[in-house]
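Reading through the structure tokens given below for one structure.
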Amino acid sequence: MTSGIHPKGKARSDRAFVTLATNPDYATGAAALFRSLRRTGTSADLVLLYTDLPDSLVNELCASGLRAVHVDLLPTSDDFNALHARDRLHGAAPFTKGEKPPFHTPLDNFAKLRLWQLDYQRVVFIDADAIVLQNIDRLFDYPEFSAAPNVYESLGDFHRLNSGVFTARPSAATFDAMLARLDQPGQFWRRTDQTFLESFFPNWHGLPVFDNMLQYVWLNLPQLWRWQDIRVLHYQYEKPWQQHAKADSLRVLIDLWKAHAGDGPVPDPRDLPPPPGAA
Ligand code: UDP
Ligand code: MN
């Protein structure tokens, strides 16, 4: 019986920023995320959890200094996997606010939980569809479990967390307790890891929304948008490297992501225009 996690190389720090990519699309996102993190001058390790990526791509990513950790998907039951299969989940809990890309497999999200098996004292997890605009090393001093609210439409959003940025303290005991809780007969987590983490950590600590600013705030809550405040920008729903229906209205954000993903200069966000509806 293997542990399901296969780190390459050694940890260089006791702290790590961790993301997940189970396919090349999310690896594209992860590469941009890590480039953005390096620009912040952090000394924490940068760790990519991955399942199915070609060796050539993993080697290319490692050459840029990150630590690649191969993981298996969680050993969940056939019933659990069927309930959380993409078509079944989209039918049972439709996404009415935005579109999930074709390369998004809900079941893969749960592999995030593998970070609790890592050999670090402190971890900050960040989704592969985010970029970091200012140093966020202070998040390592926040307790487990801290996350920002899932704000992108209205005040009601403050009831829920968004699992695109969170703080964790790896521990085998926590990981085992999570696995035991996750896969109970008939259990359905409608927003996968996000719903699960909210249930596992009912007393979650709140981070400022600026540590996980969701792209739809640009469209729906322009008053909340101030470039100088935003530390992590998270492209939930449609991804900036896809063609998609909202691309024209999110153009400023997409161009910023592309600058971070590329080799050219990156603009100072304070020089960018405010969202169209801002006062
Ligand atoms: N992810 C992945 N493969 C998948 C689905 C998700 O690697 O098929 C990872 C990736 O890090 C991604 C995160 O899980 O950023 C959560 O998914 P996503 O960001 O697409 O969800 P959203 O932020 O739109 O709710
Ligand atoms: Mn995301």
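Just to be sure before I move on: is K10 in contact (Cβ under 8 Å) with a residue 12 or more places away in the chain and exposed (fewer than 14 other Cβ atoms within 10 Å of the Cβ) in the structure I sent? Taking the combined requirement at face value, the residue does not satisfy it. Within the range 235-247, residues that are at positive phi sit with their Cβ atoms under 7 Å from residues that are surrounded by fewer than 17 Cβ atoms within 10 Å (Cβ to Cβ), at 6+ positions apart or across chains, in these pairs: Y237/G98; Y237/E99; Y237/K100.
Quick one: how many residues across the range 118-159 are touching an Asp or Glu at 6+ places or on another chain (Cβ under 8 Å) and either aromatic (F, W, Y) or without any contact (Cβ under 8 Å) to a residue 24 or more places away in the chain (or both)? The total comes to 1.
Counted as qualifying within the range 1-52 are the strands (runs of 3 or more DSSP E) with 1 or more residues that are of a type in the set (K, R), namely 15-21.
Please indicate, with yes or no, whether at least one residue in the range 239-257 is within 13 Å of ligand 2 (Cβ to nearest atom), part of a helix (DSSP H, G or I), among the hydrophobic types (A, V, I, L, M, F, W, C) and modelled with pLDDT of 95 or more. Yes, the range 239-257 contains at least one residue that is within 13 Å of ligand 2 (Cβ to nearest atom), part of a helix (DSSP H, G or I), among the hydrophobic types (A, V, I, L, M, F, W, C) and modelled with pLDDT of 95 or more. Would you check if S43 is modelled with pLDDT of 95 or more and either under 29 Å from P269 (Cβ atoms) or within 16 Å of ligand 1 (Cβ to nearest atom) (or both)? For S43, the condition - modelled with pLDDT of 95 or more and either under 29 Å from P269 (Cβ atoms) or within 16 Å of ligand 1 (Cβ to nearest atom) (or both) - is met.
Among the conditions (1) within 28 Å of P275 (Cα to Cα); (2) within 16 Å of ligand 1 (Cβ to nearest atom); (3) of a type outside the set (F, W, Y), the only one that L107 does not satisfy is (1). Note on the range 71-80: residues that are in a helix (DSSP H, G or I) and surrounded by 15 or more Cβ atoms within 10 Å (Cβ to Cβ) total 1.
Residues checked against (1) away from ligand 2 (no atom under 16 Å from the Cβ); (2) out of contact with any strand residue (DSSP E or B) (no Cβ under 9 Å at 6 or more places or on another chain); (3) without any contact (Cβ under 8 Å) to a residue 40 or more places away in the chain; (4) among the charged types (D, E, K, R):
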| residue | (1), (2), (3), (4) |
| --- | --- |
| A168 | yes, no, no, no |
| S171 | yes, yes, no, no |
| T174 | yes, no, no, no |
| A177 | yes, yes, yes, no |
| A180 | yes, yes, yes, no |
| P185 | yes, yes, no, no |
| E198 | no, no, yes, yes |
| H205 | yes, no, no, no |
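All of A279, A261 fail the test of being more than 26 Å from F95 (Cα to Cα) and within 16 Å of ligand 2 (Cβ to nearest atom), apart from A261. Each residue in the range 81-104 was checked for being surrounded by 13 or more Cβ atoms within 10 Å (Cβ to Cβ), basic (K, R) and touching a residue at least 60 places away in the same chain (Cβ under 8 Å), and 1 of them qualify.
The values are calculated or read from the model by the stated rules, or taken from the named source; none is laboratory data. The shown structure was predicted, so the numbers you read here are calculated from the model rather than taken from an experiment. Don't worry about glycine lacking a Cβ; one is built from the backbone with ideal geometry, like all the others, and counts go over all protein chains shown.
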